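To start, the structure itself, in structure tokens.
The values are calculated or read from the model by the stated rules, or taken from the named source; none is laboratory data. All figures in this text were calculated on a predicted structure; none of them were measured in a lab. So basically every Cβ, Gly included, is an ideal-geometry build from the backbone, and we count neighbours across all protein chains shown. To get the accessible areas, we keep the full protein, side chains included, count just its heavy atoms, and leave off ligands, DNA and RNA. Shrake-Rupley method; radii C 1.70, N 1.55, O 1.52, S 1.80 Å.
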Amino acid sequence: MSNEFIINAVSDVPHASPKANDRGNERREVGTDLLKRGLAQMLKGGVIMDVVTPDHARVAEQAGAVAVMALERVPADIRRQGGVARMSDPGLIQQIMEAVTIPVMAKCRIGHFVEARILEAIGVDYIDESEVLTPADEEHHVDKRDFKVPFVCGARNLGEALRRINEGAAMIRSKGEAGTGDVVEAVRHARAILGEINRLKTMKREEMFAYAKEIGAPFHLVEETADLGRLPVVLFAAGGIATPADAALMMHLGVDGVFVGSGIFKSGDPAARAQAIVQATTYYNDFKILAEVSKNLGEPMVGINVSSLPAEHKLAGRGW
Amino acid sequence: MKVGILALQGDFIEHAHMLRRIGHESVEVRLPQHLDGLEALILPGGESTTFGRLATRYGLIEPLRRFIYSGKPVWGTCAGLIFLAKDVGRDQVTLGVMDIRVARNAFGRQVDSFVAPLNVKGLSGGPFTGVFIRAPVIESVAPHVEVLCTLADGTIVAARQDHMLATSFHPELTDDPRLHALFLGLQLPTADHAVF
């Protein structure tokens, strides 16, 4: 058998996109929007934690995390050390995948579809096309519709969220300002997205056309969001969440769950803080429980006040 | 019928929407006192390790067991199925009330998640859309557990033990309320099925 044959055989395999496998007798559909968005539904009400080692991942799982984000450096270190931030070593990500039974996410650079294909090939459960890494393309995001693995993307407002969903994102998170421990930007972005959805709900159909143009979003997604009264996909908060109270605040604003990046493993007692943030996310409406879980957590991560950050050091402006 | 849905985490809202569609209100269960006065209980999809952690911390394990042993209908979907099982093949907190052995993430990772048409015993009106997301399977059942659905290769994906129902898949993510109706006994006139 010639090499040429093998190459042809491989290139004949269609690139993901919804397709059916025949296994046994029933027809199985894989990689559909229902499945991609469905996994995010299972994460709702939960906490997704950044981890840089298999040990961190086990601490997160033990604390009750619903998923982990496998990274080489947490955003606070990326921010401090500078340089180009890229996809993590796939070997490290695989070690983390082997260490836990909960879903494992990993980040690719904005527009870097080859990093995304590599992450898909090793079988990560979700890809975060993330502004925390240095963008690889200043104009285009990854065409996420063409992947079997689902994507989560950051957004600062409804237009950005719907553009990402149009490209195939199956989950949206606020961008916040990662690695600062300052929740103010996550609040700003969540309020923007949810506030704009509230406006949409009372808008007349004819006004939606102008509105879609104004926010730079496809009309069909604007209309769908208005009809649903929420985003067509799950919305999480991310970027600067450092305490149980921060997580509960975001849940009160109306997000479906939270990502915690540097906030846990850059704090004095990661295991205790991780457990406390998980409990605060479930019991966000019970202030006695919140008071209880907020006690004796040791030092929080050292924060950076976002208003003191020069514009060129802000990550949230990345992405278009 | 007053139905509770375990709301520690996961897709409990989707179950509530489905119940509302067929005319039933539901309440969210996060603490033991939320079980008071409930007539049935749903354990939703989500992460079973997170359920175990929070249920232990907030004293829910024994009250949930007592609720189920009292004979009230309970249904676990995906993570909820794992949470009902006696044996999950690893050291993990579950309620341990259903005589089934379960394998978690049995089909692989998210890229192996799939949708397939299913024939569920006792469900009329044609195949049911099975949504399997990082789904568990039932590896074996005790003799008194009734298998309700298998894949073509024989893998068990739904079972019933008296008043306990377990499905590997997510009926709450479809727009088909037949299994929710079945669970609440709405379509089951015979005494044989009255335990639902």
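Things to note:
- Per-residue ellipticity at 222 nm, computed for the protein assembly as shown from helices alone with -39500 (n - 2.57) per DSSP H run of at least four residues, works out to -10000 deg cm²/dmol.
- Kirkwood Rh (inverse of mean 1/r, distinct Cα pairs), the protein assembly as shown, angstrom: 23.5
- Restriction of the chymotrypsin sites (Phe, Trp or Tyr not before Pro) in segment B:28-83 to DSSP coil positions whose beta-carbon has at most 14 other beta-carbons within 10 angstrom yields no sites.
- Cα centroid separation - segment B:76-113 against segment A:232-255, whole Å: 29
- Extension gain (nm, one decimal) between B:Tyr69 and B:Gln92, 0.36 nm per residue minus Cα-Cα: 6.2 nm
- In this rough spin-label picture, where each label sits 7 Å from Cα along the Cβ direction, the A:Phe219-B:Ala152 distance is 4.3 nm.
- Among the trypsin sites (Lys or Arg not before Pro) within segment A:92-190, not one is in coil by DSSP while having at most 16 neighbouring Cβ atoms inside 10 Å.
- Averaged over A:32-38, number of beta-carbon atoms from partner chains that fall within 10 Å: 6
- Ligands, DNA and RNA aside, A:Asp33 has an accessible area near 90 Å² when probed at 1.4 Å.
- Springs between Cα atoms under 10 Å define the GNM used for chain A, and in it the highest mean-square fluctuation of A:Met87, A:Met171, A:Met42 occurs at A:Met42.
- Electrostatic tally near B:Glu28: other residues with Cβ closer than 15 Å to its Cβ, Lys and Arg +1, Asp and Glu -1, net -3.
- Buried solvent-accessible surface, both chains (A, B), 1.4 Å probe, Å² to nearest 100: 3400
- Each of A:Phe259, A:Pro90, A:Cys153 was scored by the projection of its Cα onto the charge dipole of the protein assembly as shown, and the greatest displacement toward the positive side belongs to A:Phe259; charges sit on the C-beta of Lys, Arg, Asp and Glu.
- Accessible surface of segment B:2-193 [probe 1.4 Å, protein heavy atoms]: carbon and sulfur percent: 49
- Solvent-accessible surface (1.4 Å probe) assigned to A:Val302 amounts to roughly 130 Å².
- Simple spin-label estimate for A:Glu292 and A:Thr134 gives 4.8 nm between the two label positions (7 Å along the Cα-to-Cβ direction from each Cα).
- Amide H partners (placed H, <5 Å) of B:Leu165, local residues excluded: B:Val74, B:Trp75, B:Gly76
- Accessible area expressed per residue, chain B, with surrounding protein chains retained (probe 1.4 Å, Å²): 36
- Using only side-chain charges placed at the Cβ, +1 for Lys and Arg and -1 for Asp and Glu, the dipole size of the protein assembly as shown relative to its Cα centre rounds to 700 debye.
- Residues of chain B were split at every exposed loop site, defined as GluC sites (Glu not before Pro) in a DSSP loop with at most 13 other C-beta atoms within 10 angstrom, and the longest piece left, sites excluded, is B:40-196.
- Solvent accessible area, Å² - B:His180, 1.4 Å probe, full protein context: 0
- Efficiency of FRET from Cβ geometry, A:Asp89 and A:His313, R₀ 30 Å, rounded to 0.05: 0.70
- Euclidean distance between Cα centres, segment A:35-79 to segment B:114-158, Å: 30
- Karplus 3J(HN,Hα) series, Hz, for segment B:130-136 with 6.51 cos²θ - 1.76 cosθ + 1.60 (x for Gly, Pro): x, 9, 10, 10, 6, 7, x
- The trypsin sites (Lys or Arg not before Pro) of segment B:1-89 meeting both criteria, a DSSP state outside H, G, I, E and B (loop) and at most 15 other C-beta atoms within 10 angstrom of the site's C-beta, are B:Lys2.
- For chain A, modelled as a GNM whose springs connect Cα atoms under 10 angstrom apart, the maximal fluctuation among A:Val293, A:Val278, A:Val47 occurs at A:Val293.
- Mean partner shielding of peptide B:6-13, defined as the number of other chain Cβ atoms within 10 Å of each residue Cβ, is 5.
- Translational D in µm²/s for segment B:2-193 (Stokes-Einstein at 10 °C, 1.306 mPa s, Kirkwood Rh from C-alpha pairs): 97
- For chain B, with +1 on Lys and Arg beta carbons and -1 on Asp and Glu, the positive-most of B:Thr94, B:Val145, B:Gly37 along the dipole: B:Thr94
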